[in-house]
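What follows is a short report on a single structure.
The values are calculated or read from the model by the stated rules, or taken from the named source; none is laboratory data. Predicted model, so just to flag it, every value in this text is computed and none were measured. Here the Cβ is made from the backbone with ideal geometry for all residues, glycine too, and neighbour counts use every protein chain on show. Note: areas computed on protein heavy atoms with side chains; ligands, DNA, RNA excluded. Shrake-Rupley method; radii C 1.70, N 1.55, O 1.52, S 1.80 Å.
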Amino acid sequence: KTTFEERVEIASYCISHDHNYAETAGKFSVSYQQARSYTVKYENGGIDALQDNRGKRKPEDTLTEIERLRAELKLEKAKRQKAEMEASFLKKLDEIERRRG
């Protein structure tokens, strides 16, 4: 786990030391692959490419119409599935209560 600032520092150190990924990995206690990945991302996309955006949603105003409709469809499917599970559970509960009583 590295912070954004650490990734920037790793990339800049690696670039300033002639792309010596092994030395960079040893100095910052990261793997060779991570050191190389941070450096390549920094060189190709700049400092913003080192941001960790996993698990983050796109802002709704940047979604295209198709993406927005897909997201709505996904939500509706999830709601329907939840309702079906609840109905199935209630049926099973009702069946168990009838057997007892």
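Take residue 80 and tell me if it is part of a helix (DSSP H, G or I), at pLDDT 90 or above and either under 23 Å from the mean Cα position of the chain (by Cα) or not hydroxyl-bearing (Ser, Thr, Tyr) (or both).
Details: part of a helix (DSSP H, G or I): yes; at pLDDT 90 or above: yes; either under 23 Å from the mean Cα position of the chain (by Cα) or not hydroxyl-bearing (Ser, Thr, Tyr) (or both): yes.
It is true that residue 80 is part of a helix (DSSP H, G or I), at pLDDT 90 or above and either under 23 Å from the mean Cα position of the chain (by Cα) or not hydroxyl-bearing (Ser, Thr, Tyr) (or both).
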Cβ-Cβ distance below 7 Å, separation of 6 or more or different chains: which pairs start in the range 29-53 with a residue that is over 17 Å from residue 5 (Cβ atoms) and end on one that is surrounded by 15 or more Cβ atoms within 10 Å (Cβ to Cβ) and among the hydroxyl-bearing types (Ser, Thr, Tyr)?
32/21; 36/21
Residue 55 passes all but one of (1) part of a helix (DSSP H, G or I); (2) open to solvent by less than 100 Å² (accessible area, probe 1.4 Å); which number fails?
(1)
Residue 38 vs. criteria open to solvent by 100 Å² or more (accessible area, probe 1.4 Å) and not aliphatic (A, V, I, L, M):
no
Looking at the range 67-79, is at least one residue touching a helix residue (DSSP H, G or I) at 6+ places or on another chain (Cβ under 8 Å), surrounded by 11 or more Cβ atoms within 10 Å (Cβ to Cβ) and among the acidic types (Asp, Glu)?
no
So is residue 90 surrounded by 10 or more Cβ atoms within 10 Å (Cβ to Cβ), on the phi < 0 side of the Ramachandran plot, under 19 Å from the mean Cα position of the chain (by Cα) and among the hydrophobic types (A, V, I, L, M, F, W, C) or not?
no
Taking the condition of being basic (Lys, Arg) and open to solvent by 80 Å² or more (accessible area, probe 1.4 Å), how many residues in the range 1-33 meet it?
2
